[in-house]
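Nothing in this text is a laboratory measurement; each read-out follows from the coordinates by a stated rule. Computed from a predicted model, the values in this text were never measured in an experiment. Neighbour counts run over all protein chains shown; Cβ positions are idealised from the backbone, glycine included.
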Amino acid sequence: MSVSTEFRAPPLRRNYENRWEQSWEAFKRNLPHQQPPFSKREWGGAGHSMCSYQGKMKPALAHHLIECFSRPGEVVVDPFSGAGTIPFEACRMQRRGFGVDISRLGHILTFAKVAMTAPPRVDSLISELGESIEAFEMTDDQLNRASLVRFNSPIPDYFHPETMKEILAARQFFLDRWDSSPEWALLFACTLHLLHGNRPYALSRRSHPVTPFKPTGDFEYRALLPRLRAKIARLSEEIGNPSRSFGGSFQSDTTEKWPEEMPKADAIITSPPFFDSTRFYMANWMRFWFAGWERADFDLQPKDFVETRQKINLDIYKVFFDHARQQISETGVMVMHLGQSPKCDMGSELSNRASPWFNVEDFYIEGVEHCESHGIRDKGTVSGHSYLVLTPL
């Protein structure tokens, strides 16, 4: 692929509805997401930590982008929502946050955060899950298929046999009840978080909470339901927050077609997969498995993912821009948080592809020294983050 290296952003068009220019200039001067208290690792509360996810945007960055480019009551859409950080933070800020993701995992995590749940229904569903676990009879075929998923170690190596049985029962329960109710998504997302980690909340032997490194230590039976109830309790204040707004989530490929049910966006704020960086389906492989993938899916499905397709040709974003233009209001704004690496300056490349759908208002590059590692050494070849600010033509 031919990659251009030169791009000069045009001057900002002054007084574009006087909606975001001053706050955006202040953001670039101050980089508030890098300053206390926003620079704290756990800023944002328990809801943002509903489930660990490799490649998640920092909630503080999402907060300030939403504050810059939208107003309370408006619709904020993230068409590459991943763990749902942007739509959820939009809901926390009294916007209506909507997400779209090509993967089941991304849809589950986003929907669990932005949808309104009913506590009695949550309690009822936990009881149903418990009954399903109690009645479950594990087969050799189920265990063997799980054993085929073995990227750092085979899945059964992570768990005591009785815990493994409960995990397979819960997986079947959630997949059999793919009803997309908010309560289903909440319990599903919380169970995904509990799968692996290095603390007692996790069901696994000692591993890593973000991506499942090879497990160590003794096998120990760890029951799912008590940990799930404790996880839900930690989220109760966030789930029942009366001051927040709610939104929705869709599983779809936004480089092909956007969901018809999606409302018009006042702001599209998104961070597509960085070129030559995290492969989300591998970094989050155990959670992808729990959300329905079998071993063959890891070989077949990634060909449809943007992180794979964009390495062949970044022109896939032309279709994305076309659909985004149809989905955004005439006075809306789109902000793309992008990766910069020696192999590809995504901001420059996408700037050259935005016309005839969008006008490039600004192109800004930020260093990555502030980024958190979460104890993971391999962060790809990203050397900077860039921000592309677009308005409809």
Rounded to the nearest 10 degrees, the helix 316-327 long axis (Cα) sits at an angle to the longest Cα principal axis of the chain of 80 degrees
Read-out semi-axes √(5λ) of the Cα gyration tensor in Å, candidates (i) 36, 23, 19; (ii) 33, 24, 22; (iii) 45, 21, 19; calculated match is (i)
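Assuming 0.36 nm per residue, please report the length gained on full extension of the stretch Lys257 to Arg229 beyond their Cα-Cα distance. Mind showing how you got there, number by number?
Working: separation 28, 0.36 × 28 = 10.08 nm, distance 3.78 nm.
6.3 nm is the gain from fully extending Lys257 to Arg229.
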Volume per residue (Å³) of the convex hull spanned by the alpha carbons of region 137-208 is 96 Å³
Rounded to the nearest 0.05, FRET efficiency between Trp43 and Tyr201 (Cβ-Cβ, R0 25 Å) equals 0.75
Per the 1/(1 + (r/R0)^6) rule, R0 = 41 Å and r from the Cβ atoms of Phe136 and Arg279, FRET efficiency to 0.05 is 0.80
In region 119-239, taking the dipole from +1 charges on Lys and Arg beta carbons and -1 charges on Asp and Glu beta carbons about the Cα centre, the listed residue (Trp184, His196, Thr139) farthest towards the positive end is His196
Taking Cα atoms, the helix 161-176 axis meets the longest principal axis of the chain at an angle in degrees (rounded to 10) of 50 degrees
Per the rule of 0.36 nm per residue minus the C-alpha distance, extending Leu175 to Ser243 adds in nm 21.3 nm
Rounded to the nearest 10 degrees, the helix 119-135 long axis (Cα) sits at an angle to the longest Cα principal axis of the chain of 40 degrees
Along the dipole axis of region 92-173 (charges at Cβ: +1 for Lys and Arg, -1 for Asp and Glu; origin at the Cα centre), the most positive-end residue among Thr117, Leu168, Pro156 is Thr117
For Leu31 and Ala296, extending 7 Å from Cα along the Cα-Cβ vector and measuring point to point gives, in nm, a value of 4.8 nm
Computed for region 84-197: size of charge dipole around the Cα centre, +1 on C-beta of each Lys and Arg, -1 on C-beta of each Asp and Glu, debye to nearest 20, value 720 debye
Per the C-alpha gyration tensor (a ≥ b ≥ c, the square roots of its eigenvalues), region 48-130 is rounded if a/c is under 1.5, else prolate if a/b beats b/c, else oblate; here it's prolate
Over the chain, the sum of -39500 (n - 2.57) across DSSP H runs of at least four, divided by residue number and rounded to 500 deg cm²/dmol, gives at 222 nm -11000 deg cm²/dmol
Across 10 Å bins beginning at 0, the whole-percent shares of Cα-Cα pair distances in region 304-363 come to 19, 55, 24, 2
Share of Cα-Cα pairs in region 119-239 beyond 17 Å, whole percent, is 56 percent
